[in-house]
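I have placed the structure first, in the form of structure tokens, so that the comments after it can refer back to it.
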Amino acid sequence: MLSWLLSGIRLPLVLAAAALIAYALFFASPYDMRILTLCGIYALLVLGFQFVFGHAGAVSLAQATFFGIGGYITGIVATHFGAGFPVTFPLSIAGPVLLAVVVAVPVLKLEEHYFSLATLGIGLVVLLLAIQWSDITGGTNGLPGIPSIELAGFVLSDRRSVLYFVWGLVLVGCLISYQVTRGLYGRAFHLMREDRVAASALGVNIAHLRFAAFILSAAYGGAAGALMAHVIHVVSPENLDLALMVTCLTMTVIGGRTRIAGAILGSILIVFLREWFRVLENYYMIAYGVAALSVLILAPYGLVGALERLRVLLFGHSPRPNPPQVPEQAPQAAPAGEYDHILAARDVTLAFGGVRALDGVSFNLRDGEIVGLIGPNGSGKTTLLNVISGLYVCEQGQVTFRGQDITNSPAYLISRRGVARTFQHIHLVDELSALDNIALARAGIDGAGLLKSISTIGSDRRLERARRIALAAAERLGIADVVMEPCGGLPYGTRRRVEVARAIATGPALVLLDEPAAGLNEQEQLDLAERIKTFAADGITMVVVEHNLVFLAALAERLICLDRGKVIAAGLPDAVRRDPAVIEAYLGLGASEPLPIAAGVP
Amino acid sequence: MITLLQLVINGLALGAAYALVALGFVFIVNATGAVNFAHGDLVMAGGYVAFGLGALAPIPAIYLLPLVAILMFVLGVALALLAYFPLINRPPSTVFISTLLCGIILQNAFVVLFGPQAHAAPPLLKSGITHIGEIEISIQAMGTMVVAAILIASQYLLFTRTQIGRRLRATAEDRQMAQAVGIPAFALIASTFGLGTALAGIAGALLANQFFVYPTGGIPLSVYAYIAVVIGGWGSIAGAVIGAMIISLFQVVVSAYVSYAAATGLLYMTLLLIFVVRPQGIFGERVQRRA
């Protein structure tokens, strides 16, 4: 208990929360209570925004829109139909969620800037509707006369009970947010945000995560908007406009975009700052903008992140958690049926502009063999791996894996069927430990769904199992003694092995290694080659892209040589390195020496 | 028929100013890959500078334009120093937020300095209307089109025909690589922000005569510039100009036949439809993301 309290910045947060509760209970004037109620409403809004902006990493500009729609639904249903809170509140959540579902399909596919613009466009359309459709919405004046919250006969008419009720809902919001983000499901968000390419190659369904985040943000936004309508008894276009969106964004940036404490800290700080700066009149919005900009520049992870950094500076790191006791082997994805070749590529073709990066590539792979993929720079090796793993869409041709057509399937599905890979440039999350980086291999496969995560009680079993599997993979690569260190601080060769371990932890049948030996010294290369052989001995097919023929000679049973997007030779290593076409591709026309595979051997 | 032709002429005149707005926006996109969401507010800043200078010296705005451009250049470099360089190694969305915040600061600075009401800047040459057949066109609108045409042509030549343009494109493509081959990337980025802002300022000075300047007037302009660049294909100069023209024609014609609110609503709906059908923009090419 004590160690829990002393780790991270929990102690100051608990003390601050206690002080805030004491203030609200015993010292707050009715005016203060109103301000604190607004803080709670904004905290809910920001908690929702954190899903899409913080966890999914997408700058949505529709959060104020969800808030406004929630408010308008409450206003319209309460004033036109006289419905009570038990009816209006669920409707106010359902409305924004419905809008989010409808627009999600086109909008969530969009890249960064386009996504922001599209969400802004949706917001502006809704704002125009609210102003123009004045019979229903009251136009620019809005809808006045929204009643107080009434629940089971109790009318929350005094400010104290409204304050408690709103903060009760904030607690529920915090709990849901905690449940969604604390386990393996939350890790999938982390990986997606840091590195979308690695995430999809590890079986993370990015579209699903973005959708879940967008829906959650809409639900929270709608709830916050409904509460606001009850508290200030009016909804107007101000509840929808860009100024509110900017306020929400500012609170999130200042507090911290992925931390629950950040949502609460950010909203309280901004609401109170606005009160204090009111004496500055028109200057207060300037002061507000300058404050937000300063935090954005000086504290990338918001004030909560800054506090954590301060803690590390003053008191050092919290003690690292212990690694799991028992390793567990990753289960391998079962094949769907009988097949001749584990992987068969037929006539795979892909052009970038005018350059034919792949030009009719065909080859087969057998179970458990180690194949070297060689070729000069720009010959299409990495492009071929990207097509097989689903990161690129090929224009022609077919790729079958274990008898099933995987041509142009999404990368996450290909990964879940049993194709794992590493990258030429390391794709790891620097601030996570090596163990957690490897455990991310399970985020896509075992990461469960949103509802399952929310309803998990106690520790997340899937995360614990992922760590046991990660430990087993780390042991097989000989890095078990450093797994608790953050990846950013590990030496290059070790990080390369962390990446291989992560590929193994997915439980693959086929592993594609993109230049695994680059930057390793000879000793490390030999060690890595031995370990790759043990995976092949387990029946895992290994494809190794390498320039280093010495490394491959000791390892590969077969070589495939690409040049300018075509397979120019394939077969036993000795035959391939003596092949005239291969020699010409590497050494130029007229050369007749076979490619050297080891010093002194022609 | 004459009314429609008249509307098209009016649309083109407005489109010329929008094109300048979009041009400054795409200039910064091209050099840095960053979306400058303060761009519309910078346009307003240009309008306010023209208004302020016009109040000091009652001469036609054409003589004020160089001074507006110089002052706005300085403001643009300041924006780069404040909102871009400190965040250069962070995800692009961070710059989006920082410029959004700078826009908020600018908007409120306008209120403090000039009050919430609208102001008009002096006309480019003189106010008045000429007739071409039965079509009327204001002298301001003609001047705007001429200034816009000159600036658009020079930017196009700058990017495609000069060494500086090639260096800017190289910097936008890969800043570190550009630095490695000896391109002074930081100076280029700073001057890009300066030039883009100067273009915004000139657009503001031109718009502020017919359409006035007011503190929140920049927000829709940021959005229009953004939409124009999306329609035209991300980073394409010609595309941005065409996009701006399409937006202004759409606005003028639909406003005349239905209402301004309907025009704006339909514009955003059309934008969303474009995203559904062609996520890469109308003229944009679909490129595979390099893994």
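The values are calculated or read from the model by the stated rules, or taken from the named source; none is laboratory data. This structure is a prediction, so every number in the text was calculated from the model and none was measured. So basically every Cβ, Gly included, is an ideal-geometry build from the backbone, and we count neighbours across all protein chains shown.
The set of residues in the stretch B:2-21 that are touching a helix residue (DSSP H, G or I) at 6+ places or on another chain (Cβ under 6 Å) and buried (at least 18 other Cβ atoms within 10 Å of the Cβ) comprises B:ASN10, B:GLY11, B:ALA13, B:LEU14, B:GLY15, B:ALA16, B:ALA17, B:TYR18, B:ALA19, B:LEU20, B:VAL21. Checking the stated criteria, A:ALA529 turns out to be more than 22 Å from A:ASN386 (Cα to Cα) and out of contact with any Ser or Thr (no Cβ under 7 Å at 6 or more places or on another chain).
Conditions tested, residue by residue: (1) of a type in the set (A, V, I, L, M, F, W, C); (2) outside the structural domain of A:GLY186 (by TED's automatic domain parsing); (3) within 22 Å of A:LEU520 (Cβ to Cβ); (4) part of a helix (DSSP H, G or I).
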{"site": "A:ILE457", "(1), (2), (3), (4)": "yes, yes, no, no"}
{"site": "A:ARG462", "(1), (2), (3), (4)": "no, yes, no, yes"}
{"site": "A:ALA474", "(1), (2), (3), (4)": "yes, yes, yes, yes"}
{"site": "A:ASP481", "(1), (2), (3), (4)": "no, yes, yes, yes"}
{"site": "A:ARG495", "(1), (2), (3), (4)": "no, yes, yes, yes"}
{"site": "A:ALA501", "(1), (2), (3), (4)": "yes, yes, yes, yes"}
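A:LEU184 meets each of the listed conditions (1) modelled with pLDDT of 90 or more; (2) buried (at least 21 other Cβ atoms within 10 Å of the Cβ) apart from (1). Close Cβ contacts (under 7 Å, 6 or more residues apart or on different chains) running from residues in the stretch A:424-442 that are outside the structural domain of A:ILE479 (by TED's automatic domain parsing) to residues that are in a helix (DSSP H, G or I) and hydroxyl-bearing (Ser, Thr, Tyr) are absent. Being more than 24 Å from A:TYR114 (Cα to Cα), surrounded by 22 or more Cβ atoms within 10 Å (Cβ to Cβ) and of a type in the set (Gly, Ala, Ser) is a condition met by at least one residue of the stretch B:38-46. Filtering the stretch A:207-224 to residues that are touching a Leu at 6+ places or on another chain (Cβ under 7 Å) and either of a type in the set (Ser, Thr, Tyr) or not in a helix (DSSP H, G or I) (or both) leaves only A:TYR220. A single member of A:ARG278, A:ARG274, A:ARG257 is modelled with pLDDT under 95, of a type outside the set (A, V, I, L, M) and not in a helix (DSSP H, G or I), and it is A:ARG257.
Scanning the stretch A:215-268 for residues that are farther than 22 Å from A:ALA58 by Cα, touching a Pro at 6+ places or on another chain (Cβ under 8 Å) and among the aliphatic types (A, V, I, L, M) turns up just one, A:VAL234.
Go through the stretch B:63-96 residue by residue and tally those that are among the aliphatic types (A, V, I, L, M) and away from chain A (no Cβ under 14 Å). Break it down into steps so the answer makes sense when it comes.
Going residue by residue through the stretch B:63-96, those that are among the aliphatic types (A, V, I, L, M) are B:64-65, B:67-72, B:74-75, B:77-83, B:87-88, B:95.
Right, trim to away from chain A (no Cβ under 14 Å) and you get B:64-65, B:67-72, B:74-75, B:77.
Total satisfying the criteria: 11.
All told, A:TYR301 falls short of being hydroxyl-bearing (Ser, Thr, Tyr) and over 26 Å from the mean Cα position of the chain (by Cα).
When A:SER362 is tested against (1) surrounded by 15 or more Cβ atoms within 10 Å (Cβ to Cβ); (2) of a type in the set (Ser, Thr, Tyr); (3) more than 14 Å from chain B (Cβ to nearest Cβ), exactly one condition is not met: (1).
Within the stretch B:223-255, the residues that satisfy the criterion of being within 14 Å of chain A (Cβ to nearest Cβ), over 10 Å from B:TYR18 (Cα atoms), touching a Gly at 6+ places or on another chain (Cβ under 6 Å) and part of a helix (DSSP H, G or I) are B:VAL230, B:ILE231, B:GLY232. Residues in the stretch B:103-126 that are more than 7 Å from chain A (Cβ to nearest Cβ) and either closer than 26 Å to A:GLY302 by Cα or within 21 Å of the chain's Cα centre (by Cα) (or both): B:GLY103, B:LEU106, B:GLN107, B:PHE110, B:ALA118, B:HIS119, B:ALA120, B:ALA121, B:PRO122, B:PRO123, B:LEU124.
Tell me, which residue of the stretch A:64-88 that is free of Cβ contacts under 8 Å to residues at least 24 places away in the same chain and not in a loop (DSSP other than H, G, I, E, B) is surrounded by the most Cβ atoms within 10 Å (Cβ to Cβ)?
That would be A:VAL77.
Among the residues of the stretch A:101-145, those that are among the hydroxyl-bearing types (Ser, Thr, Tyr) and more than 9 Å from chain B (Cβ to nearest Cβ) comprise A:THR119, A:SER134, A:THR137, A:THR140.
If you go through the stretch B:246-254 one residue at a time, do you hit one that is under 26 Å from B:LEU106 (Cα atoms) and modelled with pLDDT of 85 or more? Checking the stretch B:246-254: at least one residue is under 26 Å from B:LEU106 (Cα atoms) and modelled with pLDDT of 85 or more. Taking each residue of the stretch A:327-344 that is modelled with pLDDT of 85 or more and looking for partners that are part of a loop (DSSP other than H, G, I, E, B) and among the aliphatic types (A, V, I, L, M) with beta-carbon atoms closer than 8 Å, six or more apart or interchain, yields A:ILE342/A:ALA509. All of B:GLY165, B:GLY143, B:GLY133 fail the test of being at positive phi and away from chain A (no Cβ under 14 Å), apart from B:GLY133. Screening A:GLU308 against (1) in a loop (DSSP other than H, G, I, E, B); (2) of a type outside the set (Lys, Arg); (3) surrounded by fewer than 20 Cβ atoms within 10 Å (Cβ to Cβ); (4) touching a residue at least 40 places away in the same chain (Cβ under 8 Å) leaves a single unmet condition, (1).
Might you check whether a residue that is of a type in the set (D, E, K, R), surrounded by fewer than 21 Cβ atoms within 10 Å (Cβ to Cβ) and over 20 Å from A:THR258 (Cα atoms) occurs anywhere in the stretch A:127-145?
yes
Looking only at residues in the stretch A:328-344 that are out of contact with any strand residue (DSSP E or B) (no Cβ under 7 Å at 6 or more places or on another chain) and buried (at least 18 other Cβ atoms within 10 Å of the Cβ), the one that is farthest from the other protein chains (Cβ to nearest Cβ) is A:ALA330. For A:ILE469, the requirement of being closer than 19 Å to A:VAL204 by Cβ and over 20 Å from the mean Cα position of the chain (by Cα) is met. The residue pairs whose first member lies in the stretch A:112-125 and is farther than 15 Å from A:PHE66 by Cβ, whose second member is at pLDDT 90 or above, and whose beta carbons are closer than 7 Å, counting only pairs six or more residues apart or on different chains, are A:SER116/A:LEU61. When restricted to residues that are under 24 Å from A:TYR164 (Cα atoms) and in contact (Cβ under 8 Å) with a residue 12 or more places away in the chain, the stretch A:31-63 contains 18.
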